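The values are calculated or read from the model by the stated rules, or taken from the named source; none is laboratory data. It should be emphasised that the depicted structure is a prediction, and the values quoted were computed from it without experimental measurement. FYI the Cβ positions are ideal-geometry reconstructions off the backbone, even for glycines, and counts take in every protein chain you see.
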Amino acid sequence: MSYTWGTWTQSQTPNSHSQIWVGYQFTTIFTTLECFSIRTSRKQVIDLNILPTFNLEFVQSGQIYFANGNYDYSVDKSLTPLRMNVQVKCEKNKKIQANFHKCNSCSVQKTYSFKYNCFNQMNYIGFFPLFQQSFSQYNHLKVSIQSLQLEIIHVVYNQIITETTIVTISILDQ
């Protein structure tokens, strides 16, 4: 909205101002990112002490998170598919439980789930998910890394704000 202030023959024009609400109806409903492909790998690392428990990389931007804490990450709408690389220490007598959000419209089996028991060999696990979006949109992700869990939440802005966990990787006792 805009208006122009002016005068005619050196007198001011009559005017008034009113407060109004402008309503906007969303015509596009944005949805949570979906994991449409995932590759996993296991390898043996000789010295696990030099590696972080979790190492998360957003491949296209090169952004890496490995320290415990909470982070916000914005994904440009041109990055499709969204590629992640998650490496996890798999120490003896532990197990890894991983879930990746795969389907918004499924009534059951909404996640890809993986379980790995940890042994001396194959003590470092890699997850390489690819996420897609229904519409070209900017995506806001909340990353939480704790000593025994990594979680990524996708915040979707529609008429209401919704938060959906798209990745959870936990280290558990066997």
Exercise. Please go through the range 57-115 and pick out each residue that is among the aromatic types (Phe, Trp, Tyr), touching a residue at least 40 places away in the same chain (Cβ under 8 Å) and assigned to a strand (DSSP E or B).
Key: 65, 71, 73, 100, 112, 114
Practice problem: Kindly list the number of the only condition in (1) touching a Cys at 6+ places or on another chain (Cβ under 6 Å); (2) more than 20 Å from residue 41 (Cα to Cα); (3) at pLDDT 95 or above that fails for residue 110. | Solution: (3)
Quiz item: So residue 157 clears everything in (1) closer than 22 Å to residue 56 by Cβ; (2) surrounded by fewer than 19 Cβ atoms within 10 Å (Cβ to Cβ) except one condition, right? Which one?
Solution: (1)
Quiz item: From the list 37, 41, which one is farther than 19 Å from residue 166 by Cα, in a strand (DSSP E or B) and in contact (Cβ under 8 Å) with a residue 40 or more places away in the chain?
Solution: 41
Quiz item: Residues in the range 74-94: is at least one touching a His at 6+ places or on another chain (Cβ under 8 Å), over 21 Å from residue 158 (Cβ atoms) and of a type outside the set (A, V, I, L, M)?
Solution: no
Quiz prompt | Any chance residue 105 is closer than 20 Å to residue 154 by Cβ, modelled with pLDDT of 95 or more and over 15 Å from the mean Cα position of the chain (by Cα) | solution = no
